[in-house]
1. Check the stretch 146-163 and report whether any residue there is closer than 30 Å to ARG191 by Cβ, at pLDDT below 90, touching a helix residue (DSSP H, G or I) at 6+ places or on another chain (Cβ under 8 Å) and not aliphatic (A, V, I, L, M).
2. Take the stretch 80-109 and flag every residue that is under 19 Å from MET218 (Cα atoms), part of a helix (DSSP H, G or I) and either in contact (Cβ under 8 Å) with a residue 60 or more places away in the chain or over 37 Å from the mean Cα position of the chain (by Cα) (or both).
3. I'm trying to understand the selection: among the residues of the stretch 49-63, which are in contact (Cβ under 8 Å) with a residue 12 or more places away in the chain and either assigned by TED's automatic domain parsing to the domain that holds MET218 or surrounded by fewer than 12 Cβ atoms within 10 Å (Cβ to Cβ) (or both)?
4. For the stretch 292-313, which residues satisfy the criterion of being closer than 12 Å to VAL352 by Cβ and either in contact with a Pro (Cβ under 6 Å, 6 or more places away or on another chain) or assigned to a helix (DSSP H, G or I) (or both)?
5. Need pairs with beta-carbon distance below 9 Å; first residue outside the structural domain of LYS78 (by TED's automatic domain parsing) and closer than 30 Å to GLU128 by Cβ and within the stretch 210-225, second among the acidic types (Asp, Glu) and modelled with pLDDT of 90 or more; sequence gap 6+ or separate chains.
6. What's the number of the only condition in (1) surrounded by 12 or more Cβ atoms within 10 Å (Cβ to Cβ); (2) farther than 23 Å from TRP123 by Cα that LEU156 fails to meet?
7. Answer with yes or no whether ILE333 is in contact with a Gly (Cβ under 7 Å, 6 or more places away or on another chain) and crowded, with 21+ Cβ neighbours inside 10 Å.
8. Quick check on the stretch 299-313: of everything there that is touching a strand residue (DSSP E or B) at 6+ places or on another chain (Cβ under 9 Å) and in contact (Cβ under 8 Å) with a residue 60 or more places away in the chain, which residue is surrounded by the fewest Cβ atoms within 10 Å (Cβ to Cβ)?
Amino acid sequence: MFKRRKDYIVTIIANNYKQDVQVKAEDKKIAENMVDNVLLGTDLFDFKIFKYPDSTGGVVVNIHHLISDSWTLGLIAKNIIKKYYSISHNIPMETNKASYIDYINYEQKYLSSNKFQKDKEFWQNYLENRPDSITMPTFKKNIKQNFSYKAKRKILHLPSSLIKKMNDFCHTHNVSLFNLFMAVYSIYIGRVNHSNDFILGTPILNRTSVSQKNTMGMFINTVPARIKIEDNDNIEILSDKLSVLGSKMIVNYLEDIINGKIVGVKQDNDKATFARIIKRSDEHLDFNVSNRDVYNKFRALSPNPLPNFIMDDAEFKIAECQLCDEEGNASEIISEGKDYFVIGCASGSIKVTKIKPSGKNVMSVRDFKNGYGSLLGKVLK
């Protein structure tokens with residue numbers, strides 16, 4: 001950002017010219033005018049230094065995304081600071097020998113390798129029977145003929161209290177803010193498109209070695225993250241899915257790990273967090289909420305320790321259930337069949353098909369009812 005100043009001359013110094021420019025403080029678009037008219041050219045990259053008469057100044061870097069990414073901008077800033085320090089303290093500056101040409105050669109070699117064929121096969125299998133492209137509801141109809149897809153940036157300032165809650169949540173669950181926003185965005189996309197299987201493009205750093213992390217250039221890659229969560233998934237099922245996916249991923253990158261091309265980062269134990277212990281009170285079900293909330297709690301506590309309820313002063317655990325649309329009194333068994341019973345919730349209901357009486361093994365509702373009798377009308381606590 002450029003600070004507004006009184007009228008005076010700003011000196012622009014570039015590789016091949018030196019130019020004085022009159023800048024007016026009352027111009028609301030002082031920064032834009034300077035950038036458009038003087039500071040930024042039309043080349044892939046352009047570096048300029050500007051000095052004010054009061055001996056302050058700065059550097060303007062204009063570089064195309066074709067040849068750079070955010071990591072590169074960090075390297076440029078780091079090198080400028082190092083160079084400034086080197087000159088001001090008369091200390092020789094170490095030369096960075098890392099070159100983007102090395103990365104190009106690495107990529108060319110990779111594209112003709114067996115590893116590339118294995119990676120290609122992995123992604124083909126991963127994206128097999130992929131869902132149709134998702135479309136935001138806003139764009140489904142009433143699109144004007146001269147509609148522009150030009151992006152705009154809108155900055156929202158979140159309350160500090162909300163930011164603290166988000167940071168606390170991430171710290172408690174040992175996830176990053178990116179993971180949190182990705183999860184929220186995935187839930188939103190899934191709901192507005194009524195889909196539980198969709199693909200989101202996720203940018204990754206794609207710098208797998210120390211040399212690449214010291215190289216300026218465009219490295220980032222957009223990886224398709226397939227979001228596929230079934231309605232009956234719990235921690236056990238999701239763990240199995242992730243184990244299968246993880247084993248495939250490790251096979252693809254095992255060679256790079258062995259050859260030292262992928263550098264591990266030591267965990268900062270000061271930032272490590274532990275999942276809190278589930279208390280007995282956490283296992284109890286409250287049916288005075290929506291059936292979705294009840295069902296999600298069942299998924300969270302499955303397959304162990306399983307959620308419980310009290311019926312006839314005895315504890316029972318639900319081992320298998322599903323969402324149901326029947327309406328009735330919350331915490332009451334509103335209907336039943338030979339192999340199921342339905343518990344009313346604040347909205348909707350839950351259909352139970354397997355149950356675990358206290359001190360006994362999991363059994364089907366059919367077997368349970370053979371000895372217990374009808375459950376219709378019983379009120380649960």
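The values are calculated or read from the model by the stated rules, or taken from the named source; none is laboratory data. What you see is a predicted model, and the numbers here were worked out from it, not measured in a lab. So basically every Cβ, Gly included, is an ideal-geometry build from the backbone, and we count neighbours across all protein chains shown.
1. no
2. TYR100, ASP102, TYR103
3. PRO53
4. If the condition is that a residue be closer than 12 Å to VAL352 by Cβ and either in contact with a Pro (Cβ under 6 Å, 6 or more places away or on another chain) or assigned to a helix (DSSP H, G or I) (or both), then VAL294, TYR295, PHE298 are the ones that fit.
5. So the pair list comes out as MET218/ASP69; PHE219/ASP69; ILE220/ASP69.
6. (1)
7. Values: in contact with a Gly (Cβ under 7 Å, 6 or more places away or on another chain): yes; crowded, with 21+ Cβ neighbours inside 10 Å: yes.
For ILE333, the condition - in contact with a Gly (Cβ under 7 Å, 6 or more places away or on another chain) and crowded, with 21+ Cβ neighbours inside 10 Å - is met.
8. My answer is PRO303.
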